[in-house]
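The values are calculated or read from the model by the stated rules, or taken from the named source; none is laboratory data. Since the model is a prediction, treat every value here as computed from it, not as a measurement. So basically every Cβ, Gly included, is an ideal-geometry build from the backbone, and we count neighbours across all protein chains shown.
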Protein chains: 2
Amino acid sequence: MLASRLRPKKTAPIFAALGDETRLRIVARLSTSGPMSIAHLTRDASITRQAVTKHLHVLAHAGLARSSRLGRESVWELQPAPLEAARRCLDGISAQWDTALDRLKLFVEP
Amino acid sequence: MLASRLRPKKTAPIFAALGDETRLRIVARLSTSGPMSIAHLTRDASITRQAVTKHLHVLAHAGLARSSRLGRESVWELQPAPLEAARRCLDGISAQWDTALDRLKLFVEP
DNA sequence: AGAACCTGCAACTATCCGGTTGCATTTCGC
DNA sequence: GCGAAATGCAACCGGATAGTTGCAGGTTCT
């Protein structure tokens, strides 16, 4: 299996978006409680609303989240597709790692 | 299920380490071809050996890679544990997202 | 011994990133 | 209509980070 199937250029930005503790908390919160507004998301966070907004835009740019205006508030929801892409990437790495181990085993043992 | 089970403080650094295209390529290469030296890893890369070294240290700091000296060269290999932790995190998010969808379905439909 | 090779350490640069503050704009409730 | 609430936009700051170059030290090979 080729390493190019992992598509580093596509999946790296997804990992980068998940690679911040605050952002990962936002993703977790959106995944548990469903879509919610920026203000509600900021409610029990230790940072500013604008910081939350920036993080949401980072998630949106990675395709992980999407916003829709509802009256005066913008509701944000998770997008599952990139999450699955990231999962497939990790699965691919693990699979390759396993087959490499198998090859080593076949080479060492008779 | 609580969001804290995703352990953002622990898994975010792993995602951050995977969130760079060059680093993800290194990880993919190590997963396919097994342990190799820095020079061999730099062979067909477009960046300097020192840059590769820095990336390897970032991976090591995230627990994703490990080095062992062998003569004049240092051989680097992947560590599967953090990869599985990242996978479990993504699985947890997807699971929570699915149950949230189910709750919504139960709420909307009779 | 000497050349070629692999690595480590340090300094330096440019850029990106997380976070803040301040202000303007739209929208809801009374 | 008016105040309060929710958002958007822009500027700014400090620290991290991806990358480079240069040099010194340990290893292998002939």
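Of everything in region B:9-65, what is of a type in the set (Gly, Ala, Ser), within 11 Å of another protein chain (Cβ to nearest Cβ) and touching a residue at least 40 places away in the same chain (Cβ under 8 Å)? Give them in sequence order.
Listed by number, the residues that qualify are B:Ala16, B:Ala17, B:Ser31, B:Gly34, B:Ala62.
Show the residue pairs that are 6+ apart or on different chains and have beta-carbon atoms under 6 Å apart, the first residue being within region B:73-89 and assigned to a strand (DSSP E or B), the second being surrounded by fewer than 14 Cβ atoms within 10 Å (Cβ to Cβ).
Qualifying pairs under 6 Å: B:Val75/B:Ser68.
B:Gln96 versus (1) within 17 Å of A:Arg29 (Cβ to Cβ); (2) more than 7 Å from every other protein chain (Cβ to nearest Cβ): which is the lone unmet condition?
The single condition B:Gln96 does not satisfy is (2).
Select, from B:Arg43, B:Arg72, the only residue that is away from DNA strand D (no atom under 11 Å from the Cβ) and over 15 Å from the mean Cα position of the chain (by Cα).
B:Arg43
With respect to the numbered conditions (1) more than 15 Å from DNA strand C (Cβ to nearest atom); (2) within 13 Å of another protein chain (Cβ to nearest Cβ), which one is the sole condition not fulfilled by A:Trp76?
So the condition that A:Trp76 fails would be (2).
Okay, residues lined up against (1) under 30 Å from A:Leu30 (Cβ atoms); (2) within 10 Å of DNA strand C (Cβ to nearest atom); (3) part of a helix (DSSP H, G or I); (4) not hydrophobic (A, V, I, L, M, F, W, C):
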position: B:Ile14; (1), (2), (3), (4): yes, no, yes, no
position: B:Arg23; (1), (2), (3), (4): yes, no, yes, yes
position: B:Arg29; (1), (2), (3), (4): no, no, yes, yes
position: B:Lys54; (1), (2), (3), (4): no, yes, yes, yes
position: B:Ser67; (1), (2), (3), (4): no, yes, no, yes
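Based on this model, can you work out whether B:Ile38 counts as near DNA strand C (Cβ under 8 Å from one of its atoms), β-branched (Val, Ile, Thr) and either within 20 Å of the chain's Cα centre (by Cα) or modelled with pLDDT of 95 or more (or both)?
Criteria met by B:Ile38.
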